[in-house]
1. Go through the range 1-50 residue by residue and tally those that are in contact with a Pro (Cβ under 9 Å, 6 or more places away or on another chain) and among the aromatic types (Phe, Trp, Tyr).
2. In the range 15-58, which residues are closer than 19 Å to ALA197 by Cβ and not in a helix (DSSP H, G or I)?
3. Only one residue in ARG98, ARG188 is part of a helix (DSSP H, G or I), touching an Asp or Glu at 6+ places or on another chain (Cβ under 6 Å), of a type in the set (Lys, Arg) and modelled with pLDDT of 95 or more, so which one is that?
4. Can you tell me which condition ASP36 does not meet? The list is (1) farther than 23 Å from ALA123 by Cβ; (2) over 19 Å from the mean Cα position of the chain (by Cα), and all the others hold.
5. Going through ILE154, ILE212 one at a time, which residue ends up being hydrophobic (A, V, I, L, M, F, W, C), surrounded by fewer than 23 Cβ atoms within 10 Å (Cβ to Cβ) and in a helix (DSSP H, G or I)?
6. When the range 59-86 is examined, which residues are found to be under 24 Å from the mean Cα position of the chain (by Cα), in contact (Cβ under 8 Å) with a residue 12 or more places away in the chain and farther than 20 Å from GLY210 by Cα?
7. Specify the residue that is nearest to LYS131 (Cα to Cα); the eligible residues are those in the range 41-86 that are hydroxyl-bearing (Ser, Thr, Tyr) and in contact with a Phe, Trp or Tyr (Cβ under 7 Å, 6 or more places away or on another chain).
8. Does ILE137 satisfy the criteria of being modelled with pLDDT of 95 or more, in a helix (DSSP H, G or I) and under 20 Å from SER28 (Cα atoms)?
Amino acid sequence: MVNKYVEELDELKRDFIEISDMARRIISEAMEALIDRDSDKARATYEYDKLIDLKELEIEEKCVRIFALYQPEASDLRFVVSILKSIADLERVGDLARDICEIAIYLSEYPPIKPYVDLPRMAIIVKEMLKDAILSILKGDIEMAKEVIEKDDIVDSFYDRITDELIEVVENDPKTAHIAVRLILVTRSLERVGDHATNIAEYAVYMKTGEIIKHQKALRWLREQEEKKNDRE
């Protein structure tokens, strides 16, 4: 019974790695399709989201099975809960990537209204956040989780700056509004991916410490941790 329990926890970890790789892949390929104006790639990537949905359901069922059969406690309980919560965020990343693909298909029919400069930079940071958030779960690395949470403000700044720039473009040329609005939606989708990465990082903290930190509490928690560190020094 014990060996079977350990095997199922190990399998759950492997499944989490798989869906994490899928989520990272879909957001990366969606942004590549947008920037490269590749409608064929956008359509193929759009369809990939269905596989993520199926994988989420599969993992969810395994989590429920573990709860029902083994009634995990302490760190094992927090691990399974963190996986269950994280896969919901990863599934939403897939949905957001699918939305970007829809916009990429539309925008491929029109010339760019401005060079893509900040948008790819924002995408790089968001993808790094997602990667590190996933690793913080797998490694139980609180320091890495803290770095992810701190980066969320950088992503928000990119969102504000890009939105302001696109509004200025529309003010100078109202005919570009239909393109600008969709690019703002892409930026919003990236900002939401950053939020989901932050959620996963918060689950990593919960998994390791048992502390639940959400949204506005996260920054206060970071400050408290920094103060404790300074006191020790």
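The values are calculated or read from the model by the stated rules, or taken from the named source; none is laboratory data. Since the structure is predicted, the reported quantities are computational estimates derived from the model, not experimental observations. Note that we place each Cβ from the backbone using ideal geometry, even for glycine, and neighbour counts take in every protein chain shown.
1. Residues that pass the stated criteria total 1.
2. Correct list: empty.
3. Going through ARG98, ARG188 in turn, the sole match is ARG98.
4. (1)
5. Working: ILE212 fails: in a helix (DSSP H, G or I).
None of the others qualify; the one that does is ILE154.
6. ILE59, GLU60, LYS62 - these are the residues of the range 59-86 that are under 24 Å from the mean Cα position of the chain (by Cα), in contact (Cβ under 8 Å) with a residue 12 or more places away in the chain and farther than 20 Å from GLY210 by Cα.
7. The residue in question is SER86.
8. So ILE137 does not fit the description; no.
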